[in-house]
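A quick write-up on the structure given underneath.
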Amino acid sequence: MITQLMPAMVKVAERKIHSPEFATLYIDEPIDFKPGQFVMVWIPGVDEKPYTISHHSPDRFGITVEAKGIFSRKAVSLGPGDKIGIRGPFGNGFNMGNGHKRVAVVAGGCGMAPLAPLVEAFQTDNGPETLLIQGARSKSFLLYPDRFTAKAEICTDDGSKGYKGFVTDILVQKIKALPANLAPGFDMVYTCGPEIMMAKVFEICEAHGIPCQVSLERYMRCGFGVCGACVCGHAVVCKDGPVFGSKALRTMADFNTRALLKTGRSVPLNEYAAWRCQ
Amino acid sequence: MQTTFLGKTLHTPLVLASGVLGSNKAILERVWENGCGLPTMKSIGPAPREGHKNPTVIDLGNGMINAVGLPSPGYLNMEEEWQELSDRAFPINASIYGGSVDEFVRVAEFVSAKGPDFIELNISCPNSDQHGMIFGVNAQSSHDVVAAVKKVIHVPLIAKLTPAAPDIAGIAKACEDAGADAICAINTAGPGMVIDIESRSPVLAFKKGGLSGPMIKPIAVRCVYDIFRSVSIPIIGLGGISTGTDAIEIIMAGASLVGIGTAVRYRGITVFDKVNKEINDWLAAHGTTLEEIRGAAHREAL
């Protein structure tokens with residue numbers, strides 16, 4: 001059984017390769033889960049890293065991995081029968097609200113992974129009208145192209161698919177295009193992607209009086225709010241987050257500015273991002 | 001529950017254990033606002049150090065095992081943090097470590113000039129082969145490092161001890177003789193090990209790690225009890241303290257202040273307010289005070 005205690009060794013049931021950069025590993029085990037939560041994934045002898053759950057059903061879940069560093073390149077090389085350790089899930093997940101009529105989901109790059117189960121949860125008969133705005137560097141970085149029935153706006157930085165430009169441009173257009181008698185136009189905007197993109201989404205939402213939830217990323221160790229590796233200002237990302245709402249973001253000193261390296265040194269976000277991508 | 005400790009007024013008798021949360025000013029302040037009288041910074045070392053690879057911290061249910069491995073920006077790379085802390089409204093305890101007496105002295109002298117309220121010498125961390133515990137298991141080396149650091153700092157010195165010492169009371173006495181102003185006991189116990197039998201591999205990347213939380217409380221209580229009988233300086237008692245009655249117990253063993261670390265896992269950052277309330281409730285129900293119960297477990301024997 002997968003719990004927050006010792007890692008449970010589980011077999012990879014299937015690997016789906018999405019593109020040269022992305023693969024999803026599926027595990028045939030039940031896990032108690034809410035969209036936006038994450039698990040700690042352990043490859044013995046290599047490392048342990050936090051990954052959001054990107055696919056979920058009662059007896060199967062999946063994690064989508066972008067091959068970037070030593071751990072993630074090893075992870076995407078795993079196939080059926082290989083064992084990995086899982087503990088979790090951790091964190092708070094998205095607040096899906098009650099009786100939302102219209103929501104926007106704004107995803108950048110691999111930020112689509114935590115948002116995907118949220119979009120699926122919203123795509124039910126009683127769910128809100130959901131607008132998905134998905135962006136990436138180029139076409140091959142767009143995750144799960146055929147997964148959703150929700151209305152989707154696609155953008156790429158290089159124009160290889162959809163609108164050439166930023167998700168935030170589309171968000172502003174869509175907010176402005178909504179009839180003026182709908183205030184606010186969206187009951188909630190959910191976003192995950194590069195922090196600078198999420199900060200821009202938050203800024204747009206603030207300007208239009210729309211509440212927003214963002215999912216943050218920081219270097220993590222324990223996953224349950226004790227070791228302090230992932231603090232962002234006063235917030236403990238693994239425990240208080242990784243999803244934070246507008247109210248918390250307004251007073252979160254380091255949001256979109258600083259992050260801690262593995263040594264605990266606080267550095268500007270671009271320096272942190274360069275280190276994380278090694 | 002205002003308390004005076006080594007001449008400083010603290011708004012509660014609770015201390016945040018080193019290595020837990022204390023990574024920046026905002027989180028230290030948040031812990032203080034939630035009822036911690038004395039937040040402790042993460043241990044500051046002589047050079048940049050990343051710590052160990054993950055897994056580094058595992059919750060075993062009745063406590064944790066960890067080998068984070070003393071990550072530190074290094075004492076020369078914390079200027080912004082000291083700047084931020086300079087106008088703080090709360091006290092801080094700066095934990096430091098080194099790999100030699102010279103390194104301890106260099107870090108301590110520099111950190112002391114930055115104006116923490118206390119300096120805690122981590123001579124007890126089990127998670128590095130070159131630092132920490134190698135000093136704290138030997139009375140002579142404990143004495144040497146405390147005496148050398150005491151000469152170069154201008155704030156009270158707290159020596160943090162390991163239960164791995166064969167005679168922790170003797171180590172505490174050596175620290176007192178060398179000029180320590182207080183003792184903090186205990187650091188994590190062990191080290192221990194957990195092995196995943198499916199992968200046939202130790203779970204922690206460092207293989208072994210320190211034990212903390214409820215499973216080590218009896219060791220902590222015994223250590224504080226023994227230290228109280230051998231020294232006259234105050235003791236910060238910690239190790240598995242999660243509730244008000246746990247705190248009362250270690251105070252009866254002889255602690256002046258009570259540290260909390262792993263309980264943040266089980267009761268959240270608000271654990272400090274909860275424990276303060278539980279201590280007050282217990283004292284009120286028993287018509288007594290902290291001063292009256294401190295060391296109470298020794299009275300018949302004394």
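The values are calculated or read from the model by the stated rules, or taken from the named source; none is laboratory data. Predicted model only: the values in this text are computed from it and were never measured. When we count neighbours, we look across all protein chains shown, and the Cβ atoms used for this are built from the backbone with ideal geometry, even at glycine. We work out accessible area using only protein heavy atoms, side chains counted, and drop any ligands, DNA or RNA first. Shrake-Rupley method; radii C 1.70, N 1.55, O 1.52, S 1.80 Å.
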Those residues of the stretch A:46-63 which are part of a strand (DSSP E or B), closer than 23 Å to A:Arg221 by Cβ and either β-branched (Val, Ile, Thr) or open to solvent by 20 Å² or more (accessible area, probe 1.4 Å) (or both), in sequence order: A:Lys49, A:Pro50, A:Tyr51, A:Thr52, A:Ile63
Per the filter on the stretch B:142-170, residues within 25 Å of B:Lys207 (Cβ to Cβ), outside any loop (DSSP other than H, G, I, E, B) and either open to solvent by 10 Å² or more (accessible area, probe 1.4 Å) or not hydrophobic (A, V, I, L, M, F, W, C) (or both) are B:Lys160
Suppose we filter B:Gly35, B:Gly51 for residues that are open to solvent by 10 Å² or more (accessible area, probe 1.4 Å) and on the phi > 0 side of the Ramachandran plot; which single one remains? B:Gly51
Quick one: which of A:Asp169, A:Asp187 is open to solvent by less than 70 Å² (accessible area, probe 1.4 Å) and touching a residue at least 60 places away in the same chain (Cβ under 8 Å)? A:Asp187
Specify which of the listed residues (A:Asp82, A:Asp125) is under 21 Å from A:Lys16 (Cα atoms) and open to solvent by 30 Å² or more (accessible area, probe 1.4 Å). A:Asp82
Odd one out for A:Ile70 among (1) buried (at least 16 other Cβ atoms within 10 Å of the Cβ); (2) within 14 Å of chain B (Cβ to nearest Cβ); (3) of a type in the set (A, V, I, L, M, F, W, C): (1)
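One line per residue, one yes/no per condition, for (1) farther than 30 Å from A:Lys262 by Cα; (2) charged (D, E, K, R); (3) free of Cβ contacts under 8 Å to residues at least 24 places away in the same chain:
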{"position": "A:Gly45", "(1), (2), (3)": "no, no, yes"}
{"position": "A:Thr52", "(1), (2), (3)": "no, no, no"}
{"position": "A:Ser57", "(1), (2), (3)": "yes, no, yes"}
{"position": "A:Ile63", "(1), (2), (3)": "no, no, no"}
{"position": "A:Gly81", "(1), (2), (3)": "yes, no, no"}
{"position": "A:Arg87", "(1), (2), (3)": "no, yes, no"}
{"position": "A:Gly108", "(1), (2), (3)": "no, no, no"}
{"position": "A:Pro114", "(1), (2), (3)": "no, no, no"}
{"position": "A:Thr130", "(1), (2), (3)": "yes, no, no"}
Quick test for you: out of A:Leu178, A:Leu171, A:Leu132, A:Leu143, pick the one residue that is among the hydrophobic types (A, V, I, L, M, F, W, C) and under 21 Å from A:Arg276 (Cα atoms). A:Leu143
Count, please, the residues in the stretch A:38-60 that happen to be aliphatic (A, V, I, L, M) and within 12 Å of chain B (Cβ to nearest Cβ). 4
Restricting the search to the stretch A:2-37, which residues are within 13 Å of another protein chain (Cβ to nearest Cβ) and either at positive phi or in a strand (DSSP E or B) (or both)? A:Ala8, A:Met9, A:Val10, A:Lys11
Hey, any hits in the stretch B:46-68 for a residue that's among the small types (Gly, Ala, Ser), facing another protein chain (nearest Cβ under 10 Å) and within 17 Å of the chain's Cα centre (by Cα)? no
Is at least one residue of the stretch A:206-220 touching a residue at least 40 places away in the same chain (Cβ under 8 Å) and over 30 Å from A:Leu5 (Cα atoms)? yes
Top-ranked residue in the stretch B:67-89 [being under 30 Å from B:Met193 (Cα atoms) and not aliphatic (A, V, I, L, M); ranked as surrounded by the fewest Cβ atoms within 10 Å (Cβ to Cβ)]: B:Gly74
Against the conditions (1) in a strand (DSSP E or B); (2) out of contact with any His (no Cβ under 8 Å at 6 or more places or on another chain); (3) open to solvent by less than 30 Å² (accessible area, probe 1.4 Å); (4) over 20 Å from B:Lys53 (Cα atoms), where does A:Gly88 fall short? Just the number, please. (4)
In the set A:Phe202, A:Phe224, the lone residue that is within 30 Å of A:Leu261 (Cα to Cα), touching a residue at least 12 places away in the same chain (Cβ under 8 Å), open to solvent by 10 Å² or more (accessible area, probe 1.4 Å) and not hydroxyl-bearing (Ser, Thr, Tyr) is A:Phe202
Please verify whether B:Ile92 is farther than 22 Å from B:Ile183 by Cα, in contact (Cβ under 8 Å) with a residue 60 or more places away in the chain and open to solvent by less than 20 Å² (accessible area, probe 1.4 Å), treating the condition exactly as stated. no
Scan the strands (runs of 3 or more DSSP E) fully inside the stretch B:186-302 and keep the ones with 2 or more residues being hydroxyl-bearing (Ser, Thr, Tyr), within 18 Å of the chain's Cα centre (by Cα) and closer than 27 Å to B:Leu6 by Cα. none
Is there a residue being open to solvent by 20 Å² or more (accessible area, probe 1.4 Å) and small (Gly, Ala, Ser) anywhere in the stretch A:27-44? no
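The rows are residues; the columns are (1) more than 8 Å from every other protein chain (Cβ to nearest Cβ); (2) open to solvent by 10 Å² or more (accessible area, probe 1.4 Å); (3) touching a residue at least 12 places away in the same chain (Cβ under 8 Å); (4) not hydrophobic (A, V, I, L, M, F, W, C).
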| site | (1), (2), (3), (4) |
| --- | --- |
| A:Cys232 | yes, no, yes, no |
| A:Cys238 | yes, no, yes, no |
| A:Gly241 | yes, no, yes, yes |
| A:Thr251 | yes, yes, yes, yes |
| A:Asn256 | yes, yes, yes, yes |
| A:Arg265 | no, yes, no, yes |
| A:Asn270 | yes, yes, no, yes |
| A:Arg276 | yes, yes, yes, yes |
Which numbered condition A:Met1 misses (of (1) in contact (Cβ under 8 Å) with a residue 40 or more places away in the chain; (2) outside the structural domain of A:Phe166 (by TED's automatic domain parsing); (3) in contact with a strand residue (DSSP E or B) (Cβ under 8 Å, 6 or more places away or on another chain)): (1)
